[in-house]
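To keep things clear, I will list the structure first and then write my remarks on it.
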Amino acid sequence: MSKLIQKISEMNECQKVSKKLQSYLDSELTPELAVRVSKHLDLCLKCGMKYESYSRIKKALATAAIAESDSNERQLAVERLRRFAINISLPEKE
Amino acid sequence: MEGRKKIIKMESPSENDSVRQEDELVVKFKSELNELMPILFRVAYSMTRNYHDAEDLVQETILLAFRAFDKFDGRYFKAWIFTIMKNANMKRGRKKRPELLRDGDLSQVAQEFSSKSTETAAEDSLFVQAVRSAMNTLPHAMKVVIQFVDMDGLTYDETAAALNIPVGTVMSRLHRGRNRIKNNLINKGIGTKG
């Protein structure tokens with residue numbers, strides 16, 4: 001009986017964690033929730049695999065973003081825009 | 001600046017305070033802009049997918065923000081400036097470019113994995129290409145949220161402000177979008193079940 005209760009409790013925890021997995025991946029959870037999800041992922045293979053698949057997708061997209069950008073060109077554009085913003089003046093009041 | 005000093009000397013104390021407050025607001029405004037510039041550029045790039053157009057859009061946003069400066073109360077800067085940018089981009093009526101991988105992209109991706117074995121690098125490159133291609137099949141509203149969070153590194157709050165939508169909508173579009181990508185990969189025999 002106690003094993004059944006434990007199983008149900010684990011399933012409930014899986015359901016709860018599953019809903020929070022993507023927010024955990026994006027570092028958008030409160031520290032308390034993040035610790036709870038992290039502890040669960042250490043123990044649950046199924047949730048761990050689910051997390052890993054989201055994580056691979058996120059990393060792949062970040063890699064694609066790097067490939068599609070030229071960091072040097074981007075940096076130069078940001079610096080030009082910073083100079084533009086510093087030198088701009090408020091419009092004259094009538 | 002010299003002109004502003006002369007004006008301050010001639011003004012009454014209350015006017016003087018008002019000018020000082022405005023000066024402080026301008027300093028705060030420029031400081032926030034300076035700090036936010038890389039994100040502003042990233043968001044503009046996400047909207048235009050072109051460096052030149054992104055730079056134009058940020059410049060236009062800065063000009064519009066300065067023109068509307070009297071409406072800025074010093075709070076919620078990000079939300080305010082992203083709204084200006086979004087409206088400016090809509091006015092430009094820019095046609096979205098197809099976001100397919102260009103010919104040179106795969107070789108650049110492969111360079112990212114130069115420290116790995118050739119086989120691993122090839123597998124990773126193919127996976128990146130498959131994910132990107134799955135992303136391109138998503139509806140635009142879903143795709144743009146994934147682009148902001150996963151490709152441009154914005155937080156949920158920043159994405160919500162940039163798109164002028166609630167954070168809950170950002171989360172649901174992002175999470176459903178990633179699930180669709182995952183299922184798309186599974187259907188192609190690429191992803192892992194879970």
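How many partner chain Cβ atoms sit within 10 Å of a residue's Cβ in peptide B:132-141, on average, as a whole number? Before the final figure, lay out each step's value.
Working: counts 7, 0, 2, 4, 0, 0, 0, 0, 0, 0.
For this peptide, the per-residue mean of nearby foreign Cβ atoms is 1.
Can you give the mean number of other chain Cβ atoms that lie within 10 Å of the Cβ atoms in peptide A:72-78?
On the way: counts 0, 3, 7, 2, 2, 10, 9.
Taking the mean over all residues of the peptide, I get 5.
From the phi of every residue in segment A:19-36, what ³J(HN,Hα) in whole Hz does the Karplus formula 6.51 cos²θ - 1.76 cosθ + 1.60 yield, where θ is phi - 60° and glycine or proline is x?
5, 9, 4, 6, 5, 5, 4, 8, 6, 10, 9, 5, x, 5, 5, 4, 5, 4
Hey, what's segment A:2-87 come to in accessible area per residue, 1.4 Å probe, Å²? Write out the running numbers ahead of the final one.
Details: 5460 Å² over 86 residues.
Result: 63 Å² per residue.
Across peptide A:48-57, what mean number of C-beta atoms from other chains lies inside 10 Å of a residue's C-beta? Walk me through the numbers before you get to the answer.
Numbers: counts 1, 3, 4, 1, 2, 10, 6, 0, 8, 15.
Average per residue, whole number: 5.
For segment B:169-174, take each phi angle, set θ = phi - 60°, evaluate the Karplus expression 6.51 cos²θ - 1.76 cosθ + 1.60, and give the result in whole Hz per residue in order, putting x for glycine and proline.
Values per residue, Gly and Pro as x: 5, 4, 4, 5, 5, 5 Hz.
Buried accessible area for the A:B pair, summed, 1.4 Å probe, in Å² rounded to 100? Walk me through the numbers on the way to the answer.
On the way: alone 8580 and 12350 Å², together 16830 Å².
Buried area between the two chains comes out at roughly 4100 Å².
Give the peptides B:147-160, B:26-39, B:171-184 in descending order of average Cβ contacts within 10 Å, highest first.
B:147-160, B:171-184, B:26-39
The values are calculated or read from the model by the stated rules, or taken from the named source; none is laboratory data. The structure presented is a predicted model; accordingly, all values stated were derived computationally and were not measured. Here the Cβ is made from the backbone with ideal geometry for all residues, glycine too, and neighbour counts use every protein chain on show. What goes into the accessible areas is simple: the full protein's heavy atoms, side chains included, and nothing from ligands, DNA or RNA. Shrake-Rupley method; radii C 1.70, N 1.55, O 1.52, S 1.80 Å.
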